[in-house]
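Structure, as structure tokens:
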Amino acid sequence: MNLLPVVLNIAPHEKRQAEKLVRYIKELDGTEVITMQFKDPPGMRYPEVANWAFKQCAKAMVGKPFVWIEADSIPLKAGWLQAITEEYHRVGKPYLYVKTLNPPFDNFTGIGVQGPNAYEQAPDGFTTGGFDEWIVTRYGDLIGRTDIIQHSYGFYDAVGNATLHEFPRDISILKDGAVLFHKSQFGDLIDCMISQYGLTGDTPTQKRTSHG
């Protein structure tokens, strides 16, 4: 079984953290990440600019399912991509997203496997939410769910204010069966994993596609 390709868009403001993630992944188990970079269109703001960047990446991967990660999504163990690839084929849906979220305040994450038709199914000019919200609300029947990818933005109070995760403080929230965690906003979970596995974090960044 061929492993799914892994794709990461390196946003300008996340360059340092994203490149650190690529080095960590390579050293962890040899997984190569396809990285892409784009110059943001003038005047385009979040979340539209993030949706636009995803669409550009999906265009490059037309016809192929791919694992979408971001600078704050951290593989937790060697063999993580093999596990996700096997789960994707076992579940048998075009998309594979997280099963457990944190409603009512945290309802969407696109970390996971994007379908081979993601370019066509991703939004254009969507300004009120992320591409993941668009795909989930319009193509829900195409989405499989899994517990081996874990998402948690933070701890919520009764009115929806979030205390963002910090590591190692919140290391106990990681589930035993999870192989990929989102979200480590400050990138500190990488440092915990590097320490745990005795890595250096210094392996050179690999494959990159750059676009103007």
- Note on the structure: The ³J(HN,Hα) series, computed from each phi in the stretch 58-68 with the Karplus coefficients 6.51, -1.76 and 1.60 at θ = phi - 60°, rounded to the nearest Hz and given as x for glycine or proline, is 5, 4, 5, 10, 3, x, 10, x, 8, 7, 9
- Tally up the carbon and sulfur contribution to the accessible surface of the chain as a whole percent, 1.4 Å probe, everything protein left in place. 49
- Accessible area in square angstrom per residue, the chain, 1.4 angstrom probe: 48
- Note on the structure: Of the listed pairs LYS26/LYS183; LYS55/LYS175; LYS39/LYS77; LYS39/LYS93; LYS59/LYS175; LYS39/LYS99, those with alpha carbons more than 29 Å apart are LYS55/LYS175; LYS39/LYS77; LYS39/LYS93; LYS59/LYS175; LYS39/LYS99
- Would you give the gap between the C-alpha center of the stretch 139-153 and the C-alpha center of the stretch 1-63, rounded to a whole Å? 19
- Where in the stretch 96-181 are there trypsin sites (Lys or Arg not before Pro) that are in a DSSP coil and have at most 16 other Cβ atoms within 10 angstrom of their Cβ? LYS99, ARG169, LYS175
- Message: Compute a Gaussian network model of the chain, connecting alpha carbons closer than 10 Å, and tell me which residue from GLY130, GLY63, GLY112 fluctuates the most.
- Response: GLY63
- Task: For the stretch 35-137, state which chymotrypsin sites (Phe, Trp or Tyr not before Pro) are in a DSSP loop and have at most 15 other beta carbons lying within 10 Å of their beta carbon.
- Result: PHE105
- Message: Helix-only estimate, please: 222 nm mean residue ellipticity of the chain, summing -39500 (n - 2.57) across DSSP H runs of length 4 or more and dividing by its residues, to the nearest 500.
- Response: -8500 deg cm²/dmol
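The values are calculated or read from the model by the stated rules, or taken from the named source; none is laboratory data. As the structure is a prediction and not an experimental result, all values here were calculated from the model. Positions of Cβ are backbone-derived with ideal geometry, glycine not excepted, and every protein chain shown enters the neighbour counts. Accessible surface areas use protein heavy atoms only, side chains included; no ligands, DNA or RNA. Shrake-Rupley method; radii C 1.70, N 1.55, O 1.52, S 1.80 Å.
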